[in-house]
Amino acid sequence: MQTFEMSQLSSLRRAHRRDRILRHSLRLLGSITGLLVLLITLFVLQEAWPALQNLGFIRFWTDGSWHPLEGSFGLMPMVLGSGLIALGATAIATPLGLLSALFCQCYGPPLLVVPYRRLLELLAGIPSVVYGFWGLVVLVPQINRLHPPGQSLLAGTLILSLMILPTVALLAIASLAQIPSSYWQGAAALSLSRWTTLTRIILPSARSGLFTAVVLATGRALGETMAVLMVCGNVVQVPSSVFDPVRSLTANIALEMAYATGDHRAVLFVSGLVLLAIVAGLVVMAEGISNQGMSSESVIVHER
Amino acid sequence: MTTMMSAATTCTQPLLEAKHLQLSYGQQVAFHDVSLPIASGEIMAIVGPSGCGKSSFLSCLNRMSDLVPHCHVQGEIHFNGTNILSPRTDTLLLRRRIGMIFQKPNPFPLSVWENLALPLREHGLVKSQTSRRAFRQAIHQAIEAVLRDVGLWEEVKNRLHSSALALSGGQQQRLCIARALILQPEVLLLDEPCSALDPLASAVVEELMLRLRPRYTQVVITHNLAQAKRIADRIAVFWVQQHKGQLIEVGSTQQIFNAPTHELTAAYVSGGKG
Ligand SMILES: Nc1ncnc2c1ncn2[C@@H]1O[C@H](COP(=O)(O)OP(=O)(O)OP(=O)(O)O)[C@@H](O)[C@H]1O
Ligand SMILES: [Mg+2]
């Protein structure tokens, strides 16, 4: 009896020790990740600091043009370029992605759905330079025929929407898959139509997950560099139509980092900082939305 | 009176009748050769050990089995004289006439009101009125009536517009029963409706089933033999033999408990008594 208790006690101690080791190593890994993000941000801030000090933050928005060698540092056209491309791509990819997700989770026959999902996963895995290449040799000439020069805001938007489509779709599929099957069963047992089930029960319950999907995809669109650089034409200007070439912040950094010095180089870091801030803002927003979904127990209260 | 009625009606055409029914999930047969007539207005209890195919059987009766991939049903089920397993059956219409209550209460993540109004509106059960106001009034009346039916009105009348998920388990289950009743089905299928409830709440549900007895035909699965004895007119006993479920005996509640013919039934009900 006594020995039995002793052996139980020692195995309990062993379990505790394993727990402790696991906990500490996870903490260590977690803090390394956090530290890396912090260090990168600090580094960018440090490199951007001379520009912020010499020129002031306001000038980046008030300078009329981007002629860094002549001391004119207007970031506005490129912020606008990045924003327009990302918003356009999100506007196209969101409905397509959500419809794809609905097809996969609710309508499609399994025989089609499985290959379709594989296809989406494959799309998500294609390197962006390949998208860019394809855009350059296939899409841009088509647009050129429609309205020269071809390398344009439109080309960037289309390529990016294709690139973030799998992000939207796969995240939306994941959030739809979390809806308890009992909702589907309950709705079927009440012979509610598929349309009612979707619009009144399933989509509202998945709302926060779907929002998160869209917001994260927007973040990805903002950060994309290579494909955008290849198809957008990279002229620094405020576009007057979708056929005008534009330059995104990311493309700007990639294009000029190699030879930039002094204030010019520092301003490039400022644009990196701006990008970081926008993406961080989006992530916080996504987090906020999904937490909101949690706290209200994903309850939908309709008109009274 | 109701027992007499059901005894009388069993001689005539049953409302719902399974004939040589077999269900398999892929290669695995869940149950086979089940023939069971269910008379109009009676409460039929289905009992038996876990995994003998009770839930699977119930899900055939309103074709919920269609929703399970690789699930295959053979045989016939006659409802009002037509075979509902035929591919021409309109399952939406069928499920309106044969309602189902699940083991775990599954209200939608909507308000109490909306849980009931949604099926009402969907099926146009409330006649469209001259004004929006009159329409809402009519919906309200239907909702109040059905909530009174399940004995929930007094408990929720002040929180009709708050979430149904905030109700207790027993209240949720009664809400689900109300939601099924509001479509005015002819048959109610109940899969262990009390298994998630405490004794008091399950007594309320039991009493509700007894109150509904003359109006609705009810098929209820239960693991609680005492409960079956209290509420059922007839009892069907399922059993697993050679890894397949089958119906080993069906009879009036009295006969199953006092004079079972199958030795497994005898062992099962005496175990329940002990
Ligand atoms: N979706 C499914 N896919 C595959 N097999 C299933 C599925 N549902 C049930 N089964 C199998 O079919 C058999 C009968 O299951 P069923 O749920 O009908 O039993 P039950 O009598 O309701 O049991 P319980 O009393 O535990 O609820 C079991 O062997 C089970 O493993
Ligand atoms: Mg079951």
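Would you mention how many residues in the stretch A:225-279 are in contact with a strand residue (DSSP E or B) (Cβ under 6 Å, 6 or more places away or on another chain), crowded, with 22+ Cβ neighbours inside 10 Å and not aliphatic (A, V, I, L, M)? Result for the stretch A:225-279: 1. Quickly run through the stretch B:26-37 and pick out the residues that are more than 19 Å from B:Ser86 (Cα to Cα), away from ligand 2 (no atom under 13 Å from the Cβ) and more than 14 Å from chain A (Cβ to nearest Cβ). Those that are more than 19 Å from B:Ser86 (Cα to Cα), away from ligand 2 (no atom under 13 Å from the Cβ) and more than 14 Å from chain A (Cβ to nearest Cβ): B:Gln27, B:Gln28, B:Val29.
Filtering the stretch A:136-186 to residues that are within 18 Å of A:Arg118 (Cα to Cα) and open to solvent by less than 10 Å² (accessible area, probe 1.4 Å) leaves A:Met163, A:Ile164, A:Pro166, A:Val168, A:Ala169, A:Ala172, A:Ile173. Looking across the stretch B:76-99, the residues that are facing chain A (nearest Cβ under 10 Å) and charged (D, E, K, R) come down to B:Asp90, B:Arg95, B:Arg96, B:Arg97.
Here B:Gly48 fulfils each of the conditions (1) under 22 Å from B:Ala226 (Cα atoms); (2) more than 15 Å from ligand 2 (Cβ to nearest atom); (3) at pLDDT below 95 apart from (2). In the set A:Leu216, A:Leu190, A:Leu222, A:Leu160, only one residue is without any contact (Cβ under 8 Å) to a residue 60 or more places away in the chain and among the aliphatic types (A, V, I, L, M); that residue is A:Leu190. Collect the residues in the stretch B:100-117 that are more than 7 Å from chain A (Cβ to nearest Cβ) and assigned to a strand (DSSP E or B), keeping them in residue-number order. Matches in the stretch B:100-117: B:Ile101 only. Taking the numbered list (1) more than 13 Å from chain A (Cβ to nearest Cβ); (2) of a type outside the set (S, T, N, Q); (3) in contact (Cβ under 8 Å) with a residue 40 or more places away in the chain; (4) surrounded by 18 or more Cβ atoms within 10 Å (Cβ to Cβ) in turn, B:Leu147 passes all entries but (3). Of all the residues in the stretch A:64-83, those that are more than 26 Å from A:Ala155 (Cβ to Cβ) and either touching a helix residue (DSSP H, G or I) at 6+ places or on another chain (Cβ under 8 Å) or assigned to a strand (DSSP E or B) (or both) number 4. Considering the conditions (1) within 14 Å of chain A (Cβ to nearest Cβ); (2) within 16 Å of ligand 1 (Cβ to nearest atom); (3) open to solvent by 10 Å² or more (accessible area, probe 1.4 Å), B:His223 is excluded by exactly one of them, (1). Scanning the stretch B:51-88 for residues that are farther than 17 Å from B:Met100 by Cβ and away from ligand 2 (no atom under 16 Å from the Cβ) yields a count of 14.
The values are calculated or read from the model by the stated rules, or taken from the named source; none is laboratory data. What you see is a predicted model, and the numbers here were worked out from it, not measured in a lab. Here Cβ is always computed from backbone atoms with ideal geometry, including for glycine, and neighbour counts include all displayed protein chains. To get the accessible areas, we keep the full protein, side chains included, count just its heavy atoms, and leave off ligands, DNA and RNA. Shrake-Rupley method; radii C 1.70, N 1.55, O 1.52, S 1.80 Å.
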